[in-house]
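Remarks on the structure that follows.
The values are calculated or read from the model by the stated rules, or taken from the named source; none is laboratory data. Please read all numbers here as calculations on a predicted model, not as lab measurements. FYI the Cβ positions are ideal-geometry reconstructions off the backbone, even for glycines, and counts take in every protein chain you see.
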Amino acid sequence: MRKTRRTPAGAGLTDLILDLFRLSSRMLVAGDRLVAGLGLTSARWQILGTIVAADRAQPVAWLARDLGAARQNVQRIVNDLVKEGLVAFASNPHHRRAPLVVLTDKGRSTFEAAMSLQAPWVNKLSAGLRAEDIETTRSVMTALRRRLVSDRDAEDEA
């Protein structure tokens, strides 16, 4: 079997990717614990945050795109959030079969409560880390995400 060699950057990125997988799993567990008392999970919290961060109400497909997630998974979670009264569907003047997802007052207060829990938690988690190092890490992750999106778009066009 022929072994393909990685460049030094490729080897380092491979290690980083494995660490990111491990970190992602632990972050989801920690997020679930942090907001469990609010009736949220990390996934529900993430979708609420995406709705809050959007410039305007969006359909599920756009939320999924912004999250980099499968539309079906986001749809399932949004349906659960509707049942809980945290979000609602509003008519979409541009597409009648793709309603807009909007935050309810209960959803906004639940999201704000989650963010109140997040602030001290993230401050403790980041203690001892340099803001510059965090920003460098974020910059690398953003560049990788953009390359992956660009690669996917190129594959879709082929």
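A few points about this structure:
- Test: E112 is within 30 Å of F21 (Cβ to Cβ) and free of Cβ contacts under 8 Å to residues at least 12 places away in the same chain: no
- Taking residues in region 1-30 that are farther than 30 Å from V122 by Cβ, and partners anywhere that are basic (K, R) and not in a helix (DSSP H, G or I), the pairs with Cβ atoms closer than 9 Å and at least 6 places apart or on different chains are A11/R5.
- Selection count where residues are of a type in the set (A, V, I, L, M, F, W, C) and farther than 12 Å from L86 by Cβ, scope region 41-58: 4
- Subset of region 59-101 (residues that are under 17 Å from W45 (Cβ atoms) and more than 15 Å from the chain's Cα centre (by Cα)): R76, N79, D80, L81, V82, K83, E84, G85, L86, V87, V101
- Scope region 38-77; condition surrounded by 15 or more Cβ atoms within 10 Å (Cβ to Cβ), without any contact (Cβ under 8 Å) to a residue 24 or more places away in the chain and among the polar types (S, T, N, Q); matching residues: T41, S42, Q46, T50, Q75
- Residue in region 125-148 that is among the β-branched types (V, I, T), modelled with pLDDT of 95 or more and surrounded by 15 or more Cβ atoms within 10 Å (Cβ to Cβ) present: no
- Any hit, region 94-108, residues being of a type in the set (K, R) and surrounded by 13 or more Cβ atoms within 10 Å (Cβ to Cβ): yes
- Condition check for F111: hydrophobic (A, V, I, L, M, F, W, C), over 18 Å from the mean Cα position of the chain (by Cα) and surrounded by 11 or more Cβ atoms within 10 Å (Cβ to Cβ): no
- Test: D80 is closer than 17 Å to T104 by Cα, without any contact (Cβ under 8 Å) to a residue 40 or more places away in the chain and surrounded by 14 or more Cβ atoms within 10 Å (Cβ to Cβ): yes
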